[in-house]
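The values are calculated or read from the model by the stated rules, or taken from the named source; none is laboratory data. Not measured: the values here are computed from a predicted model. Positions of Cβ are generated from backbone atoms using ideal geometry, with glycine treated the same way; all protein chains shown enter the neighbour counts. Side chains included, ligands, DNA and RNA excluded: accessible areas come from the protein's heavy atoms. Shrake-Rupley method; radii C 1.70, N 1.55, O 1.52, S 1.80 Å.
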Amino acid sequence: ESRGRRRSPALPSPSSFRVCLAWLLLGMALGMELSLQESLLLKSLGLSTKPSPKSPIPVPPVLWRIFQRRKTLPSANKALADGCRVEEFNVPGNIIRVFPDQGHFIHEGQPGRLLCLQKRLYFNLSVLEEGERLTMAQLEIKFSCNSYHASSQGQVFELRLYQSSQMSLRGVPPQRHGRKLLVEQSFAQLHKSLLFNLSGVAKEWRMSSRNLGLILEISVSNGDSDLQRLCASIDSFLDTSLLVVTLSQQQCKASRRRRNAHHAPVTPSNLCKPRRLYISFSDVGWENWIIAPQGYMANYCLGECPFPLTAELNSTNHAILQTVVHSLDPEGTPQPCCVPVRLSPISILYYDNSDNVVLRHYEDMVVDECGCR
């Protein structure tokens, strides 16, 4: 076959990351133009373009903990786990994002109480794809100052969180009638994280395509000088973020049949069985936006399905009959094929084009067991 023909093979329409990655690696081996293969692979990952992070942020601890937990699960548990559910939050989902706050501070004095801060919080959820169903949104308000301890008088700080329904100019206090009270809470310590369920608000933002953000107010009810000093610097150690869980039906196959895990039997080297294949993301030029893992053991199936088929080859009744017919008519009937019959998932941490950190779960990425079909 000529070199020109080898550079332009007829590509199928891959429906999984595994198939697309095989095409990409094949294209590399043949010295082909990779743009088409890479776009197919990115599409199977739920991405329209290859992310190019500009100002990468540290991985949020909550995402890192979930990733490490999934990474250390035994292969058998991975295969049996529900990839359409985030067990850590007990909600459906296979994509977790943490959005940093992009809002700004507003300064406004109020009589009768000392207003420590007033801030407009804004989280850009426009990166969520149309096919993703939002199942959870959790606001975290974290204070990084660990030296403060509550006074003996008990609760001294008052927090109010409003949903904004009107636009306001930067630095201009929002109108009282242009917001809806969501949370009102008193607390005594600033070195704890406060978590608030904003799933309903986030779903409303998506349905109406009108996200005007939130307004956060923190105040104290007395004029103690120590509290005033703390209040004056509270904005320097405040950190807010929104954790969002979504479910992408395209990657999630809730009704997928799963086989019970068992150890693969020892078979001769020419028979159908898993073969080792390590995929390195740096080999495909993705190391600048994929955070972890650096690669994974994908494996593949290879080997013969000879007559007579044995139980060790995980054969179906159809495959057994096909080998019988093939032994009688080898020219007219092919042998069964060696294919994956049990696969396990992996999770990937990466940056999107908005520099958000995303933890995404992908089904059927690792070949654990092969069989004749």
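Taking only segment 309-326 into account, find how many residues are within 17 Å of N270 (Cβ to Cβ), part of a helix (DSSP H, G or I) and not hydrophobic (A, V, I, L, M, F, W, C).
Residues flagged as within 17 Å of N270 (Cβ to Cβ), part of a helix (DSSP H, G or I) and not hydrophobic (A, V, I, L, M, F, W, C) within segment 309-326 amount to 3.
When you go through V284, V324 one by one, which is the residue that is open to solvent by 40 Å² or more (accessible area, probe 1.4 Å), touching a residue at least 12 places away in the same chain (Cβ under 8 Å) and on the phi < 0 side of the Ramachandran plot?
Residue meeting the stated conditions: V324.
Does S15 satisfy the condition of being on the phi < 0 side of the Ramachandran plot, within 20 Å of the chain's Cα centre (by Cα) and either part of a helix (DSSP H, G or I) or at pLDDT below 80 (or both)?
For S15, the condition - on the phi < 0 side of the Ramachandran plot, within 20 Å of the chain's Cα centre (by Cα) and either part of a helix (DSSP H, G or I) or at pLDDT below 80 (or both) - is met.
Can you say whether V98 is in contact with a Pro (Cβ under 6 Å, 6 or more places away or on another chain), modelled with pLDDT of 85 or more and on the phi < 0 side of the Ramachandran plot, as far as the supplied structure shows?
Taking the combined requirement at face value, the residue satisfies it.
For segment 101-131, give me the residue count where each residue is among the acidic types (D, E), modelled with pLDDT under 90 and under 27 Å from the mean Cα position of the chain (by Cα).
Summing the residues that are among the acidic types (D, E), modelled with pLDDT under 90 and under 27 Å from the mean Cα position of the chain (by Cα) in segment 101-131 gives 2.
With the requirement that a residue be within 28 Å of K180 (Cβ to Cβ) and either at pLDDT 85 or above or crowded, with 17+ Cβ neighbours inside 10 Å (or both), what does segment 208-233 give you?
N211, L212, G213, L214, I215, L216, E217, I218, S219, V220, C231
Given (1) at pLDDT 85 or above; (2) part of a loop (DSSP other than H, G, I, E, B); (3) surrounded by fewer than 19 Cβ atoms within 10 Å (Cβ to Cβ), identify the lone condition not met by P345.
Unmet for P345, out of (1) at pLDDT 85 or above; (2) part of a loop (DSSP other than H, G, I, E, B); (3) surrounded by fewer than 19 Cβ atoms within 10 Å (Cβ to Cβ): (2).
Find the residue count for segment 126-144, including only residues that are of a type outside the set (F, W, Y) and either in a strand (DSSP E or B) or crowded, with 17+ Cβ neighbours inside 10 Å (or both). Write out each step before concluding.
First pass over segment 126-144, keeping only residues of a type outside the set (F, W, Y): 126-142, 144.
Imposing the further condition that a residue be either in a strand (DSSP E or B) or crowded, with 17+ Cβ neighbours inside 10 Å (or both) reduces the set to 128, 132-142.
Number satisfying all stated conditions: 12.
Restricting attention to segment 177-195, does a residue exist that is in a loop (DSSP other than H, G, I, E, B) and modelled with pLDDT of 90 or more?
no
Quick check on R275: is it in contact with a strand residue (DSSP E or B) (Cβ under 8 Å, 6 or more places away or on another chain), of a type in the set (K, R) and crowded, with 18+ Cβ neighbours inside 10 Å?
The answer is no for R275.
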